[in-house]
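What follows is a set of notes on a single structure, which appears directly below.
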Amino acid sequence: MIEALHLGSMLPATLGACCVAGGADRRSPLTWLGMLAMLAAMADTMLLPRPVLAPVVWAALLVALALATGVRERLRPARQALGAHPVRTMALHRSLQAVLMAGLLVVGAGHHATGGGAHAGHGLPVVLLLAAAALVFTFASAAVALRRRLPPLPRAEAALGAASIALMPLPLLTA
């Protein structure tokens, strides 16, 4: 059951990465690096029996990429072009998604290390906090996905990112 939940959270993330291919910022190496790092971190920590990189390393990489994306958008001059709004909206969305995913990967690794035994309950407040943050992110992403002013691909990417983040805490809460 846990494996199905892991795969269930990876599918929308993968489809969201496909939305980047047709999006306004598809030529940005930082955007691609961030999406590929999220997918690689999920695959490494959730699907492989022993991760290649420690989850805390993946988390540090995701947070660094989220910060780099935020700095890039902050330093980028404000554009009045039609394509600027979706790029900024999705950069913020991807940054928040990466930070949440980093937290979920670290907590998930600690949860798997304890095997869900007697000591796993010590991390329950952190799991609940991250689950609540994932829920808030999901609702905020739904608001982005429902914006008519955004083109279809960013709207789809926001919805798929929301689905992925919403599904990630479920294995932690069910075990």
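Results, tabulated for the structure shown:
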| quantity | calculated |
| --- | --- |
| Per residue accessible area in Å² of the chain, where ligands, DNA and RNA are left out and the probe is 1.4 Å | 53 Å² |
| Approximate spin-label separation R147-A68, in nm, with each point projected 7 Å along Cα-to-Cβ | 2.5 nm |
| Computed over the chain: relative contact order in percent, which uses C-alpha pairs under 8 Å that are six or more apart | 34 percent |
| Helix-only CD estimate at 222 nm, as mean residue ellipticity for the chain, using -39500 (n - 2.57) per DSSP H run (n ≥ 4) | -25500 deg cm²/dmol |
| Top of L153, L100, L53 by mean-square fluctuation, Gaussian network on the chain, Cα under 10 Å | L53 |
| Charge sum, other residues only, whose C-beta stays under 13 Å from G70's C-beta, Lys/Arg counted +1 and Asp/Glu -1 | +4 |
| For the chain, diffusion coefficient by Stokes-Einstein and Kirkwood Rh (Cα), 10 °C, 1.306 mPa s, µm²/s | 97 µm²/s |
| Chain lengthening between R76 and W32 when straightened (0.36 nm per residue, less Cα-Cα) | 14.1 nm |
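The values are calculated or read from the model by the stated rules, or taken from the named source; none is laboratory data. Computed from a predicted structure; not experimentally measured. In this analysis, Cβ positions are derived from the backbone assuming ideal geometry, glycine residues included, and neighbour counts consider all displayed protein chains. Surface accessibility is based on the protein's heavy atoms, side chains included, excluding ligands, DNA and RNA. Shrake-Rupley method; radii C 1.70, N 1.55, O 1.52, S 1.80 Å.
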